[in-house]
1. Output the 0 to 90 degree angle, nearest 10, between the alpha-carbon long axis of helix 65-79 and the longest principal axis computed from the alpha carbons of the chain.
2. As a check on your grasp of the helix formula, calculate [θ] at 222 nm for the chain: sum -39500 (n - 2.57) over DSSP H runs of n ≥ 4, divide by the residue count, round to the nearest 500.
3. Across the stretch 8-79, what fraction of all alpha-carbon pairs, as a whole percent, falls in each successive 10 Å bin from zero upward?
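Derivation of every value follows stated rules applied to the coordinates shown; laboratory data play no part. Just so it is clear, the model here is predicted, and its values are computed rather than measured.
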Amino acid sequence: MAGAKGGKAEEGPGVARLRERIARGFAYVEDVMYVALAALLALSALVLLGATAVTLVRSVAESGLPGSIVGLLDQLLLVL
């Protein structure tokens, strides 16, 4: 086993470059996925916060706030 080091055959520079390029590609895809997930989470939080605000305004306008306060708090906790 000439050229073996630690049980592994030595790689040529082309294989090392290919491995580095693949690793960079996976890192880029991972970064894009994290940014997309963060954007979706932020958007859903804003939508839920807006829905809670609309429900609060409707409850105050209809004088039904005491009956719906538990549901409103539940929605706010979901956003947080």
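1. Its long axis makes an angle of about 10 degrees.
2. -29000 deg cm²/dmol
3. Spelled out per bin, shortest first, that is 17, 24, 15, 13, 11, 10, 6, 2.
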